[in-house]
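For reference, the structure discussed in these notes is given below.
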Amino acid sequence: MNRQQHWNKVYETKGAQEVSWYQPRPELSLALITASGSGKDAGIIDVGGGASTLVDYLLDAGFTRLAVLDLSGAALTQGRARLGARAAAVEWFEADVTAFVPPHRFGLWHDRAVFHFLTVADDRRRYVATLRQTLQPGGTVIMATFALDGPPKCSGLDVMRYDEQSIVGELGAEFTLQEVLRETHVTPWQLEQRFLYFRFQWQPVRESRQAPATALEVKPFPSAVGAASL
Ligand SMILES: C[S@@+](CC[C@H](N)C(=O)[O-])C[C@H]1O[C@@H](n2cnc3c(N)ncnc32)[C@H](O)[C@@H]1O
């Protein structure tokens, strides 16, 4: 089974509230989007958004130019059905983030629990290449991954776990880490999963734009600017 078939099967066989990553309200994502200071029309893409209600809360808050990208058409169908008529105000992309070609750029890239599934270095490089093609220079990246003390698997798949230094190493020096929040997510069956949420700003430098992310110097991140535990 390839990864698209895997994810479609998940969403075809489970309700939106029966998956381990379900959140009634994506509190930390919303807090970090607010902290980014992004304007209401900056454009936000929720990468691997699945059936998350983040887009609902962003619409409620008056954000426009919203998009949800996911590999699973079944997940996007759930999201569109939930939003009803409001779905027409959102762009929906059924695509693999590692191969996505954006039709235009967005001011904010949000990814909760997608990057950590990329266990092959080439996929992670392609993800960062897509990110660079999709984000506006000066834009915000919010990524949530399992923390080092998080689970080694999710949805039956192996995951990578990150801390500040290793995530900076993946994105490269043009991405400035501005805030880190810790979350203890509680699954619908009351298991605790430790996440880290990273907020970056991207400032591309002409010379280093040509170089692969892995060739960039990785500087240790001194300390988390912010920390929270739920
Ligand atoms: C653990 S779920 C998280 C969903 C959502 N971000 C949330 O927090 O509720 C991972 C999501 O990433 C999607 N996904 C996995 N690999 C992907 C890829 N390579 N490209 C795009 N989406 C992917 C899955 O279909 C799934 O919806």
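Using Cβ counts within 10 Å as a stand-in for footprinting exposure, how do Trp7, Trp92 rank, fewest first?
Ordered from fewest to most neighbouring Cβ atoms within 10 Å, Trp7, Trp92 come out as Trp92, Trp7.
Lys/Arg Cβ at +1, Asp/Glu Cβ at -1, dipole of the stretch 1-142 taken about the Cα centre: which of Phe93, Val47, Leu108 is farthest positive-ward?
Leu108
Counting pairs of alpha carbon atoms under 8 Å apart in space and at least six apart in sequence, what relative contact order in percent does the stretch 1-137 give? Each step should come with its number before you reach the end.
Details: 189 pairs, mean separation 34.1, N = 137.
Here the relative contact order equals 25 percent.
For the stretch 3-229, what does the alpha-carbon gyration tensor say about shape, rounded, prolate or oblate, given a ≥ b ≥ c as the root eigenvalues, a/c under 1.5 as rounded, and a/b over b/c as prolate?
rounded
Using only DSSP helix segments of four residues or longer, with each worth -39500 (n - 2.57), what per-residue ellipticity at 222 nm results for the chain after dividing by its residue count and rounding to 500?
-8000 deg cm²/dmol
How high is the FRET efficiency from Met1 to Ala85, r the C-beta distance, R0 41 Å, rounded to 0.05?
Working from the Cβ atoms, E equals 0.75.
Let me spell out the model: positive unit charges on the Cβ of Lys and Arg, negative unit charges on the Cβ of Asp and Glu, origin at the Cα centre of the stretch 1-111. What dipole size does that give, in debye rounded to 20?
In total the dipole reaches around 100 debye.
If you average the sequence gap of Cα pairs under 8 Å that are 6 or more apart and divide by the length of the stretch 3-229, what percent do you get for the contact order?
18
Once a ≥ b ≥ c are taken as the square roots of the eigenvalues of the Cα gyration tensor of the stretch 56-98, is the result rounded (a/c under 1.5), prolate (a/b larger than b/c) or oblate (a/b not larger than b/c)?
oblate
For the chain, give me the percentage of DSSP beta bridges that are antiparallel, rounded to the nearest 5 percent.
In the chain, DSSP labels about 50 percent of beta bridges as antiparallel.
Throughout, read-outs are computed from the coordinates displayed, never taken from laboratory work. Because the structure is predicted, anything quoted here is derived from the model rather than measured. As a convention, Cβ positions derive from the backbone with ideal geometry for all residues, glycine included, and neighbour counts pool all protein chains shown.
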